[in-house]
Structures are given as structure tokens and as C-alpha cells.
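Chemist: Below is the structure I would like to discuss, written out as C-alpha cells.
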Amino acid sequence: MTDRAHVGRQVALDVSEIQIIDLGEVIATHQIVAPGESSITDEHYGGPRPDRRRAVRPRTEAEKTFCALGPVAEAFIKGAAARGVTTLAADLVELAMLLGAHGREAFIPALERAVHFGRFRASDVASILAAGTGVQQITPAGGALIIELPHVSVRSLSAYQTSELS
């Protein structure tokens with residue numbers, strides 16, 4: 001039975017990875033991908049298919065201005081849409097005000113942090129900006145987290161003794 005024979009039929013799904021199962025037989029397996037992307041196996045269609053990633057299509061002036069900030073802005077919009085944020089238009093106005101108030105050099109890293117942690121509201125970006133440099137920086141897994149520890153005086157262990165030893 002070919003993969004096309006399953007179109008329109010009811011099949012089961014396994015969510016640890018996406019598997020299409022018919023009568024207990026796995027007929028296709030797909031990788032789980034980020035929100036807004038699609039996982040297509042070319043072999044199912046007889047050859048390569050065009051890139052199916054959906055581009056952000058800004059319509060309003062606020063969306064166009066925001067998207068001009070680059071890939072992180074597009075990732076923010078995609079993430080917000082994937083999570084069903086219904087107030088994106090108002091959030092974009094607030095984000096524009098935050099950009100004007102804090103400047104691009106502080107705003108872009110805050111936006112990157114928001115995207116990294118899946119926070120897609122203007123209030124989330126405002127909180128990150130308010131924290132300023134007080135937040136730890138994201139490091140790749142396995143990377144060393146280097147922080148300066150305060151210098152303290154060194155005492156002998158006997159200074160911690162609470163009673164005389166018998």
C-alpha cells in the first residue's frame with residue numbers, strides 16, 4: 001500500500017515523534033519541528049518539494065517596522081502567533097515605544113531573550129529590559145558559567161567549633 005492510499009483515512013499518531021500508523025503498521029515517521037514549520041519527507045511525494053516554511057507577511061505599518069528589526073522580530077511574531085497571542089497589534093505598539101525608550105542595542109538582546117524563553121508579550125520584553133544587566137546571560141549547554149565571587153577572609157576550622165571536645 002502506498003502512502004497516498006492513506007490520504008483521507010483515519011490513522012493513529014504517536015507524539016514522541018510523529019508517526020502515521022495504519023492498522024498497527026508505521027507507514028511514515030516525521031520529526032517534530034518548531035511552531036510554524038512543517039516536517040515533510042520528500043520521498044512521500046516522489047521527490048523534493050519547495051521550502052514550506054511560512055514567511056511572516058507584515059500587513060500593517062507597525063508590523064512592517066517591527067519586522068525590519070530582523071530575524072529575531074520575525075521569530076517573535078511567529079512565536080506569538082503559534083501560542084495564540086491575540087493582542088499582538090497592541091503589543092507591537094508597546095514594543096515600538098520600548099524600542100524608542102531603550103534603544104536598539106538594549107532592545108534587540110531583550111527581544112532575543114524573550115524569544116529564547118518563549119515569552120511573546122510586550123510586558124515580557126518590558127520586564128527583561130527593566131532587569132537590565134542584572135539577568136544572567138544565556139550560555140550554550142555545557143559552556144562554563146563564569147561569575148566573580150566575593151573575596152572573603154580565611155578562617156581555620158577551629159573558629160567554627162561550638163564547644164570544647166572532650
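Chemist: Nearest 10 degrees, 0 to 90: what angle lies between the long axis of helix 122-131 and the longest principal axis of the chain (Cα atoms)?
Modeler: Once rounded, the angle reads 20 degrees.
Chemist: Could you work out the helix-only [θ] at 222 nm for the chain, with each DSSP H run of four or more residues adding -39,500 (n - 2.57) and the total divided by the number of residues, to the nearest 500 deg cm²/dmol?
Modeler: When only DSSP H runs of four or more count, the value is -10500 deg cm²/dmol.
Chemist: A follow-up question, please. Kirkwood hydrodynamic radius for the chain: how many Å is it when counted over pairs of different Cα atoms?
Modeler: Radius from the Kirkwood sum: 20.8 Å.
Chemist: Where in the chain is the longest stretch that carries no trypsin sites (Lys or Arg not before Pro) classed as loop by DSSP and with at most 15 other Cβ atoms within 10 Å?
Modeler: Counting only loop sites that pass the neighbour cut-off, the longest clear stretch is 84-154.
Chemist: Given DSSP loops and a limit of at most 12 other Cβ atoms within 10 Å, what is the longest stretch of the chain that contains no such GluC sites (Glu not before Pro)?
Modeler: The longest such stretch corresponds to 18-147.
Chemist: Could you tell me the calculated FRET efficiency between residue 87 and residue 130, based on Cβ-Cβ distance and R0 = 25 angstrom, to the nearest 0.05?
Modeler: The value I calculate is 0.80.
Chemist: Evaluate the distance, in nm, between pseudo-label points positioned 7 Å from the Cα of residue 42 and of residue 123 along their respective Cα→Cβ axes.
Modeler: 4.6
Chemist: Another question, then. Expressed in whole Å with the largest first, what are the equivalent ellipsoid semi-axes of the stretch 3-45 derived from the C-alpha gyration tensor as the square root of 5 times each eigenvalue?
Modeler: 18, 13, 9
Chemist: Under a no-solvent Debye model with one identical scatterer per Cα of the stretch 61-134, what's log10 I(q)/I(0) at q = 0.18, 0.20, 0.21, 0.22 Å⁻¹?
Modeler: So the normalised log intensities work out to -0.60, -0.75, -0.84, -0.93.
Every read-out reported here was derived from the displayed coordinates using simple, explicitly stated rules and does not represent laboratory data. Predicted model only: the values in this text are computed from it and were never measured. Counting neighbours? That spans all protein chains shown, and the Cβs are built from the backbone with ideal geometry, glycine included.
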